[in-house]
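Every number here is computed from the coordinates shown, using simple stated rules; none is lab data. Just so it is clear, the model here is predicted, and its values are computed rather than measured.
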Amino acid sequence: MSRIYLDQDIKPLSDFRANAATAIRHIQQTKRALVLTRRGYSAAVVLDVSKYEELMEELETLRDQVQQSEKNHSGPHMVKAVGM
């Protein structure tokens, strides 16, 4: 995911409500997330659909890799006695 520009990609929820179409166009063009704040605290993140799908595919791939790794490293382990 592209890095967030603090001066452009963090907006109050009230600004987003007032300018939603412009904000969505900006998100689609930059492919960066928009962090929405409420009362000065982060409240939500808005992502371009294609970026969201990329993240979900990457997450699924990583989960599959972890599960495969766990399967490969689990199971009976035999300890070989030294000097016997």
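Values computed for the structure shown
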{"quantity": "Extension gain, Leu55 back to Gln68 (0.36 nm per residue minus Cα-Cα distance, nm)", "calculated": "2.7 nm"}
{"quantity": "Using alpha-carbon coordinates, inclination of helix 20-30 to the longest axis of the chain, degrees", "calculated": "50 degrees"}
{"quantity": "(i) 106; (ii) 159; (iii) 129, with the label sought being that of the calculated volume of the Cα convex hull per residue in Å³", "calculated": "(ii)"}
